[in-house]
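Only the coordinates and a few stated rules stand behind these numbers; no lab work does. This is a predicted model, so every value here is computed, not measured. Using ideal geometry, Cβ is built from the backbone for each residue, glycine included, and neighbour counts are taken over all protein chains shown.
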Amino acid sequence: MIIIMKHGASQDNVEAVVKAITAKGLQAHLSQGDQVTIIGAVGDKTRLMHDNLELIPGVDKILSVTETYKLANKKFHPQDSTIRVGDTPIGPGHLAVMAGPCAIEDEEMIMETAQAVKAAGASFLRGGAYKPRTSPYAFQGLEEEGLRYIRRAGDATGLKVVCEVTSLRALETAVRYVDMLQVGARNMQNFELLKEIGRSRIPVLLKRGLSATIDEWLNAAEYIIAEGSPDVVLCERGIRTFEKATRNTLDLSAVPVIRQKSHLPVIVDPSHATGVRDYIGPMAKASIAAGADGLMVEVHPCPSCALSDGPQSLTFEQFDALCGELRPYAALAGRAF
Ligand code: PEP
Ligand code: MN
């Protein structure tokens, strides 16, 4: 449930409500806007039933939140959140561009890619060290060795490093190297992993599951936030449909839906969504128009030699040209990039 305070309610009024909520064993989450303060109560709300919270001075109204996700819910936090990864913001007014190879293949290629994507305008370096491949015989990633390489490339360029973790064991290692943890589509509902990631307090990029509804996706975010990590960024990466012309179907309408239902930033990955190099530019532009807070794009020094996802990877030149094309779209959307 959420308690909306009257315009100009005093700090004492707010504290009285918080006290009433916590006294019943629920958690109180404050969202202090310019005009009004909203207090979200999380827990067994039946315990508050006879408390007449509306009688506490300064309370305007009480609304019940029917969705099962609360902390990720816009009703709890009406202002859009800006997530900071170090000093790099993801949220309103910015277009966070994350780029890099599908997988870290060796030290030279990730360093070279970091320099190229940085020069083109990216602020995050992506690269997988633990690869969730469809075939067990496909390249599985360099694991800790890869993390060492991408950390060095991040440090050399000032790019923030984002890497996927596929297991609790990978998480234990990755927390020592990365700036942002990525939960891949295949692990979006790996609840034990989500909980442990939440306890790490490291910012998280949460990809949408292959067949996950938006409601399930926001509940996955709730798992992370509920464990103590509020810094969750959502990533639409296409969903499974009957269409075969593209690898997945980019559900671009998820962007405005998320913006309405949640305060969390949402970015789009047109690379995994389409699986086809030629479609990345058009869908990246459409993502900005739809309100995305950023993009994740696969870039490789030699896509035809890539150990994974070559057909959807851009060359350095193509990525640079894409960034040039995206700039006016970002400007039109009021986003710095
Ligand atoms: C990736 O980003 O490397 C990846 C595997 O993507 P997804 O989880 O969206 O398939
Ligand atoms: Mn990939």
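Between the helical axis of 316-332 and the longest alpha-carbon principal axis of the chain there is an angle of about 30 degrees. Taking the C-alpha atoms only, the angle from helix 214-226 to the longest principal axis of the chain is near 70 degrees. Put simply, the chain fits an ellipsoid with semi-axes of 38, 20, 18 Å; these come from the alpha carbon gyration tensor as the roots of five times its eigenvalues, largest first.
The distance linking segment 1-37 with segment 92-168 is 42 Å (Cα centroid to Cα centroid, whole angstrom).
Given a cut-off of 20 Å, name the pairs among Lys118/Lys160; Lys75/Lys285; Lys45/Lys207 whose C-alpha atoms lie farther apart than that in the structure shown.
Details: Lys118/Lys160 10 Å; Lys75/Lys285 29 Å; Lys45/Lys207 30 Å.
Flagged as over cut-off: Lys75/Lys285; Lys45/Lys207.
When you count the other C-beta atoms within 10 angstrom of each residue and take the mean per peptide, 118-126, 19-27 line up highest first as 118-126, 19-27. Candidates Val276, Thr315, Ile62 compared by Cα position along the dipole of the chain: farthest toward the positive end lies Ile62, with charges placed on Cβ. Global size of segment 151-305: 15.3, 43 Å for Rg and Dmax (C-alpha atoms, Rg to one decimal, Dmax whole).
The antiparallel fraction among DSSP beta bridges confined to the chain stands at about 40%.
A Förster radius of 35 Å combined with the Cβ-Cβ distance from Lys195 to Arg84 puts the calculated FRET efficiency at roughly 0.95.
Between amide H atoms placed 1.01 Å from N, distances below 5 Å from Cys102 occur with Val299, all of them 5 or more places distant or on a separate chain. Here the convex hull built on the C-alpha positions of segment 106-148 has a volume of 82 cubic angstrom per residue. Using the alpha-carbon positions of segment 1-138, Rg (one decimal) and Dmax (whole number) come out as 22.6, 65 Å. Between 0 and 90 degrees, the angle of helix 191-200 with respect to the longest Cα principal axis of the chain falls at about 80 degrees. For trypsin sites (Lys or Arg not before Pro), the sites in segment 193-298 that DSSP calls loop and that have at most 14 other Cβ atoms within 10 Å are Arg201, Arg240, Lys244. Could you please state, rounded to a whole Å, how far the C-alpha centre of segment 301-337 is from the C-alpha centre of segment 199-250? Value for the Cα centre distance between the two parts: 22 Å.
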